[in-house]
1. Under unit Cβ charges (Lys, Arg +1; Asp, Glu -1), what dipole magnitude, rounded to 20 debye, does segment A:305-419 have relative to its Cα centre?
2. Kirkwood hydrodynamic radius, computed over distinct alpha-carbon pairs, for the protein assembly as shown: how many Å, to one decimal?
3. Can you give the relative contact order of chain A as a percent, counting alpha carbon pairs under 8 Å and 6+ residues apart?
4. Read phi for every residue in segment B:35-51 and hand back ³J(HN,Hα) as whole Hz from Karplus 6.51 cos²θ - 1.76 cosθ + 1.60, θ = phi - 60°, with x for Gly and Pro.
5. With unit charges on the beta carbons (Lys and Arg positive, Asp and Glu negative) and the dipole taken about the Cα centre of the protein assembly as shown, which residue among A:373, A:197, B:164 sits farthest to the positive side?
6. At 7 Å along Cα-to-Cβ for each site, give me the label-to-label distance between residue A:343 and residue A:132 in nm.
7. So how much slack lies between residue A:145 and residue A:282, counting 0.36 nm per residue of separation and subtracting their Cα-Cα distance, in nm?
8. Do the alpha carbons of any pairs in A:4/B:116; A:321/B:116; A:19/B:105; A:246/A:374; A:11/B:76; A:321/B:227 sit beyond 26 Å of each other, and which pairs?
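Bear in mind these aren't lab numbers, they're just calculated from the coordinates by the rules spelled out. Quantities reported herein were computed from a predicted structural model and do not represent experimental measurements. Glycine gets a Cβ as well: all are built from the backbone with ideal geometry, and neighbour counts include every protein chain shown.
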Amino acid sequence: MNYKLILDIAKSLLLARWKQTLVAAIGVTFSIAMFIALLGFMTGLNDLLDGLILNRTAHVRLFNEIKPNPNQPINASDAYKTHHNFIESVKAVGGRLEIYNNAAIIKTLNADPRVLGLAPKITAQVLYNSGATDITGIVSGIDVDAETKLFFFNDYIVSGKVNDLKNIANSIVLGKGVAEKLLANIGDIVQVTTSKGDIMPLRVVGFFQSGVLDIDKVQSYASISTTQKLLGKGNGYITDINVKLKDLTLAPAIAKEYAQLFRVDTEDIQTANAQYETGSSVRTTISYTVGITLLIVAGFGIYNILNMMIYEKMDSIAILKATGFSGKDVRRIFIAISLSIGVFGAFLGLISGFLLSAIIDQIPFNNPGLPAVKTYPINYSLSFYIIGTIFSIITTYLAGFFPAQKASKIDPVIIIRGK
Amino acid sequence: MSQIVLQAKNINKSFHDPITVKVLNNINFSINKGEFVSIIGKSGCGKSTLLYILSTMDTDYEGELLIDKQEMKNKKEAQLAKIRNEKIGFVFQFHYLLNEFTVLKNVMLPGLKLAKYNAKEVEHRAMEKLKILGIENEALKKANQLSGGQKQRVAIARALINDPLIIMGDEPTGNLDKKNSENVFDIFKQLTQEFNQTLLIVTHDQSFARNTNRIIEMEDGRIINDK
Ligand SMILES: Nc1ncnc2c1ncn2[C@@H]1O[C@H](COP(=O)(O)OP(=O)(O)O)[C@@H](O)[C@H]1O
Ligand SMILES: [Mg+2]
């Protein structure tokens, strides 16, 4: 086929009506730019919100839950094996939160190639003493380095130095909400009562703000050794091991595997945070819907221009057919016109979309709940650009196809007779 | 032995809108290579209708049409387009030049479509055709910058570009003044004499017809005279 000739004719027809074609192309540009900016922004927001929870959540958490033994004595009885046994008021017995033999478990986990890293943790229920009242709260004993590396602990420290927690003995980083209630400043000493009744003074070295108010009102952090002292436990005492995997999607399977292997309770991130996934997918769906709707509108613009062009160029189409161009050639000419509008518009759209994203990226976004974020979040994923291009080419092809089909069916005899 | 270029056998055609009217009735004739034939007849007697059938653009008829000894019935749209491109040159009453293109490009288009020669050669050949018609100086102008007579000459050059077996014209001088009409006639005459070009021209200009080799006269869809 003589594509060069077809493109040449398409180009001439297009340039003869360059103003209208430019308007049609701008329609595509606008929709692609909006598509990219919208998706970039929405996904940026998703990443941010997911990060708020997911970044700081272990992919697999190992812990011991105090709960009744699922194997009650009646189950051991051969006589009642085939019966339904109803036991009421079963109590948990001998419950210990400690993970036994955790040094060996940590060693095994570190050797597992699927594991990115792990952070041991102690959770202690406490009361913060403030004058006559006590405020209930949680002190988490953490390995500062591992927590910073794996769970971005650093990002949430709004004042004070994270390393002081490690370097200063008996120090604590208070949740912002806790600090406000206690009227505590950095350098102050706060009294903390453990669930066993022991009171311990701790020096405030920083404030912590997660962005989730309910957490900030109860949560504080101390080093593992400080927390062990607080609880009166030896230095092998650990209640949780938070594992971060290389591949998050493997979490449910690995969680099950570890539960069996180490005889502990495990929880995977998918189970713990199912609702955040839904929020993300709703936002993404909305963005795609809006973007594709814009593209379809742009497609109608192209459809109109082509119809008008064909109406104006009836004579030219008739003579092309009379001198030996087939219906197929004519169709190709108009599809070429439509696709050029689409490709040109999409190209400009990709650039404008990127620029628009970059501009949004500069707009200040100061939320006290999100200390690590200074401007609106934008995701620059290449996939939006690819999807935008593919969709624009599909819509412009379809927008061109029907007018082109009509042009290819024009009967030159009717046109020539009409003159 | 003269060679038959085009042959019509028992061609009949009716229009069915709004009522069935028979416009062509048993048309039989053939044209030999190098003949300059004119078709005359009163307005509405079916001359254009016949020409559109002979040119393969209208396929809705009964009877047989042979061009270059090939049967045209049962050919597909694309095959007919190829035959028009290769074997038939057209000149209509209206010039049908594409205003987006230069005169030269207008002439070249059917040649580029045929792609028998490369673009450079097609351009060279288009220039030669324009020279035959005495308008080579207008080659680089846009089509809409020419006068009516010049446009019609460009249309003839375009009809010539692929060295067609036959040139068909539907009142090609219908829109021209006397001087330009004579000019176009002289070009046709020159084409038959110098290049042995076969021509089939519909006209209502008696003096034009009188100077051709053969006149086919029609009335009410029939051939009443062929000499
Ligand atoms: N599309 C059509 N539908 C119905 N009748 C038509 C149509 N086209 C032409 N006719 C009729 O066919 C007859 C022949 O027309 P035409 O071939 O154009 O005549 P001529 O070219 O000799 O003037 C006329 O009576 C005309 O009215
Ligand atoms: Mg007519």
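1. 460
2. 32.6
3. Value for chain A: 28 percent.
4. Taking θ as phi minus 60°, the curve returns 6, 10, 10, 10, 10, 10, x, 5, 4, x, 7, x, 4, 4, 3, 4, 5 Hz for segment B:35-51.
5. Going by the Cα projections, it comes out as B:164.
6. Calculated label separation equals 8.1 nm.
7. 45.8 nm
8. A:246/A:374; A:11/B:76; A:321/B:227
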